[in-house]
1. What residue among 107, 49, 222 has the largest mean-square fluctuation in a Gaussian network model of the chain, using Cα springs under 10 Å?
2. Averaging sequence separations of C-alpha pairs under 8 Å and six or more residues apart, then dividing by the length of segment 87-201, give the relative contact order as a whole percent.
3. Which value at 222 nm does the chain reach when only helices count, each DSSP H run of 4 or more adding -39,500 (n - 2.57), with the total divided by all residues and rounded to the nearest 500 deg cm²/dmol?
4. Quick one: Cα centre-to-centre distance for segment 98-133 and segment 72-96, in angstrom?
5. Mind scanning 109/153; 93/116; 82/109 and naming the pairs with a C-alpha gap bigger than 18 Å?
6. Give the Kirkwood hydrodynamic radius (Å, one decimal) of the chain, defined as one over the mean of 1/r across all pairs of different Cα atoms.
7. May I ask you to derive the relative contact order of segment 242-302, considering only C-alpha pairs under 8 Å and at least 6 residues apart, and to give it as an integer percent?
8. For segment 170-269, I need the span (max minus min coordinate) of the C-alpha atoms along each principal axis, in Å, sorted largest to smallest.
Amino acid sequence: MRVMTDTRQIRGELRTAESMARHSSWRVGGPAKQYFTPADVEDLSEFLCSLAPDEPLLWVGLGSNLLVRDGGWSGTVIATHKVLGGLRRPDSKNDPGLVHTGAGVACAKLARQCVKWGLGPAEFFAGIPGTVGGALAMNAGAFGGETWDHVEKVEVIDRSGRVSERLREEFEVGYREVTAPDEAWFLSAYLRFEPRANVQQDDIRNLLARRKASQPIGEPSCGSVFRNPPKDHAARLIEASGLKGHRIGGAWVSEKHANFIITDRSASARDIEVLIDHVRERVVEDHGTELIPEVRIVGDAP
């Protein structure tokens, strides 16, 4: 299968057979055929133009909310973290509430900077374990806030390398779900917040303290595995099924928060996927509720 036509103009880093375990918060996953970290947007555009039209693409930030199977990814991975990292106020004097953030910016960094600028409510972004690009792709949220509540427009790039702007109204946005009008990937977003004179870094610290008290922070996980069903919580249903601590291979349901799956060094992607399926089957059997995964599962079986 043809992959590249000409790499001479590419300035970023291109690796082959790159282990995705190095780029996953679960620390599992097989190799990617190609793993590209662009130097900048122009470099990314050049790279996309050099790919075969049918080349499978996988975009990653911090590797949270992602499970790559043990057989790996038989296409190209594009890494945005630390590359699409711009964060600024385009017109702080006349429009202080407008923030422009690159897709590779960590959500926690966005939260901290907005607090420094006296803008809110942005503190909830500190509870999202990923980058802005991932938050845009799934309308991520925490502490009652959701990403797309603040989006005015986004900048995207398509498979041909063409960059364009899209308005909020062009996307269908729901709970942990965003549908784009066509195939394109997020480069940046213009977010709207309000000036808040009393916003402080302590607000973020207090939210993170609450999160640490109730979630297994610091252990290998992807964050929440399942969406909350309407008027209920996935963690409650999983715990009610007696699944806290249930283990398959090197993966188990957290004793601290039942909607988290933890791994150790012996874990495989298959262990996690089998455990996810088992949890779903038990919750349907016990409660009649079908849990929908938040985590994106991609790649090939070994």
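Only the coordinates and a few stated rules stand behind these numbers; no lab work does. These figures come from a predicted structure and were not determined experimentally. Heads up, the Cβs are rebuilt from the backbone with ideal geometry, glycines too, and the neighbour counts pull from every protein chain shown.
1. Most flexible of the set in this elastic network: 49.
2. Contact order relative to length: 32 percent.
3. -6500 deg cm²/dmol
4. Computed from Cα coordinates, the inter-centre distance equals 11 Å.
5. Beyond 18 Å: 109/153.
6. Result for the chain stands at 20.2 Å.
7. RCO, segment 242-302: 22 percent.
8. 45, 41, 32
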